[in-house]
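First up is the structure itself, then whatever we jot down about it.
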Amino acid sequence: MQDLKVGIIGAGGIAAKMHLPELQTVDDCEVVMLAGRKQSRLDVLCRKFNVPRSTQNYQEVIDDDNINAVAIALPHPLHVEWGIKAIKAGKHVYMQKPLSTSMDEADAFVEETENHNQTVLALPYMSNPHVLATRDYIQDQKLGTISSAQARSSHGGPEVYYAGIQEILEEKPTDDLWFFDADQADVGALFDMGVYAIANLVGVVGSVKSITAKLKTVAKPTRLEDTASMILEFENGALGTAQTGWCDAARTYEFSVHGTAGKIVSSRQAESLQYFYPSSNVDEDAPLIEETIDLSRYPHQNSHQHWATCIRQAIQPPLSNAATARHVTEILLAALKSSRENRTVDITSRLSML
């Protein structure tokens, strides 16, 4: 079993809340260096998570021969630059979502991944029990021909999210959040939260052929979108809808898939998965049969455990890979264009394995 010596580039909220805690659950894995801009954050996180070394120079992580795996936990526009540097340095890469806000960068990242042998995980939330179980039901024809699907991923906004992060980082509350700064973030709620909804739909239904979208700024102090709704046409002929935003104080993480023989519906907080099918195909009023899908057949791995498993098997993640992340990036960028130009936008990339 290969021991993983991990360096994390980025010492902000996602490193504090997800990367560092999850990596502690991975067998034969140690975070040996943390890089970030603020020394105060480095000091706090290294103390809390027993990281032996820190640096304010990201390149030190890339250059360290003792490190064989790197997690990119930077703001969106910096993902690909440092991901490619890590790949070229011979390190396995965990890429935080979204992959990029640029198709040129996304293409370059996929090309770099294909030209090297390292394992690259680029959609950290996709290989979860709900998606895997739904894929199996679809492949087993339990839903018949898929006609439509919907997904929503939304919460109360970055200021709500970061209130908990500031507690972890031992910082005083502040409203100076990079998420709202168009110059730093580049994109808004669509890329921050919509990426989950789009990726889940791609994971269960397949490649997207076109998208029609409307994006709005409803309530947040930014010129970036805080709310988005999308209609997707899938390559297999099905239609889908996706919604996202920063204005959902009650939080929503859900999806459903509908077919000619049945449907699958997740709970509002994705805590359960239900399968429904008709008790009669000739009586409109006949009751539906409902079954709770046994998710224990799909042992839950957090995304870092999944990354480590793929590294040790010397494979790319079947779903959470660079090519899928590129397709999702194209969908998100097309949604921006669709809303801006008030038209349907075609998607050019396709995913053969989906």
Review point. In the set T113, T101, which member is among the polar types (S, T, N, Q), modelled with pLDDT of 95 or more and closer than 26 Å to Y196 by Cβ?
Key: T113
Review point. Within the range 227-267, can you find the residues that are in a loop (DSSP other than H, G, I, E, B) and under 18 Å from the mean Cα position of the chain (by Cα)?
Key: W246, R251
Check your understanding: Would it be correct to say that A197 is touching a residue at least 24 places away in the same chain (Cβ under 8 Å), surrounded by fewer than 18 Cβ atoms within 10 Å (Cβ to Cβ) and not in a strand (DSSP E or B)?
Key -> no
**Study point:** Which listed residue, of A322, A286, A308, is farther than 19 Å from K5 by Cα, surrounded by 19 or more Cβ atoms within 10 Å (Cβ to Cβ) and not assigned by TED's automatic domain parsing to the domain that holds V80
**Key:** A322
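Are any residues in the range 279-334 aromatic (F, W, Y) and in a helix (DSSP H, G or I), and if so, which ones?
Scanning the range 279-334 gives a single hit, W307.
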Point to revise | Among the candidates V44, V31, V51, residue that is at pLDDT 95 or above, over 25 Å from the mean Cα position of the chain (by Cα) and surrounded by 20 or more Cβ atoms within 10 Å (Cβ to Cβ) | key: V51
Check your understanding: Which condition does I84 not pass, out of (1) among the β-branched types (V, I, T); (2) crowded, with 24+ Cβ neighbours inside 10 Å; (3) part of a helix (DSSP H, G or I), if it passes all the others?
Key -> (2)
Study note, to complete from the structure: Filter the range 200-222 for residues that are among the hydrophobic types (A, V, I, L, M, F, W, C) and buried (at least 18 other Cβ atoms within 10 Å of the Cβ); the one that is farthest from S148 (Cα to Cα) is L215
Revision key, fill the gap. So, first residue closer than 18 Å to L4 by Cβ in the range 48-70, second residue of a type in the set (S, T, Y), Cβ within less than 9 Å, six or more apart or across chains; the pairs are V61/T55; A69/Y94; A69/T119; V70/Y94
Practice item. Sort through V61, V70 and tell me the only one that's of a type in the set (A, V, I, L, M, F, W, C), under 25 Å from D186 (Cβ atoms), under 24 Å from the mean Cα position of the chain (by Cα) and not in a helix (DSSP H, G or I). Key: V70
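Working only within the range 14-34, note down all residues that are touching a Leu at 6+ places or on another chain (Cβ under 8 Å) and on the phi < 0 side of the Ramachandran plot.
Residues satisfying the conditions are A15, A16, L20, V26, C29, E30, V31, L34.
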Exercise for review: Filter the range 160-178 down to residues that are in contact (Cβ under 8 Å) with a residue 24 or more places away in the chain and part of a helix (DSSP H, G or I) and give me whichever is surrounded by the most Cβ atoms within 10 Å (Cβ to Cβ).
Suggested key: Y162
Review point. What residue, of S352, S338, is within 30 Å of F109 (Cα to Cα), small (G, A, S) and not assigned by TED's automatic domain parsing to the domain that holds L190?
Key: S352
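The values are calculated or read from the model by the stated rules, or taken from the named source; none is laboratory data. Since the model is a prediction, treat every value here as computed from it, not as a measurement. Every residue, glycine as well, gets a Cβ built from its backbone with ideal geometry; the counts of neighbours run over all protein chains shown.
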